[in-house]
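First the structure, in the form of structure tokens, and then the observations on it.
The values are calculated or read from the model by the stated rules, or taken from the named source; none is laboratory data. Note that this is a predicted model, so its numbers are computed, not measured. For neighbour counting, all protein chains shown are included, and Cβ atoms are generated from backbone atoms with ideal geometry for every residue, glycine included. These area figures cover heavy atoms from the full protein model, side chains too; ligands, DNA and RNA do not enter into them. Shrake-Rupley method; radii C 1.70, N 1.55, O 1.52, S 1.80 Å.
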Amino acid sequence: MASPHPILADVRVRQAIRMAIDVDTISQQIFYGYGTPVWTELFRPPYVCDIPRPKYDSEAAAALLESAG
């Protein structure tokens, strides 16, 4: 895609969306702990991508959205 949707063009909005999702709670309460959360498409050898796991932080997500307008 040549240009992303105007709302998602701002990296702060994309970061806020990711920080606003409590993946661990979803994994435990909906999937009963049977799944292992991943945060990148490249998580299996030999294509492991060493990207730090995003933290769930709803207050920081709200602040990012506020700064993004």
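Scan segment 29-64 residue by residue and report those that are open to solvent by 80 Å² or more (accessible area, probe 1.4 Å) and either within 22 Å of VAL13 (Cβ to Cβ) or assigned to a helix (DSSP H, G or I) (or both).
The answer is GLN29, TRP39, GLU41, PRO52, ARG53, LYS55, TYR56, GLU59.
State all residues of segment 1-28 that are within 18 Å of GLU59 (Cβ to Cβ), surrounded by 13 or more Cβ atoms within 10 Å (Cβ to Cβ) and of a type outside the set (Val, Ile, Thr); if no residue qualifies, say none.
The answer is ARG12, ARG14, GLN15, ALA16, ARG18, MET19, ALA20, ASP22.
Cβ-Cβ under 9 Å, sequence separation 6+ or interchain: first residue in segment 45-62 and over 7 Å from MET19 (Cβ atoms), partner in a loop (DSSP other than H, G, I, E, B) and small (Gly, Ala, Ser). Which pairs?
SER58/ALA20; ALA62/ALA20
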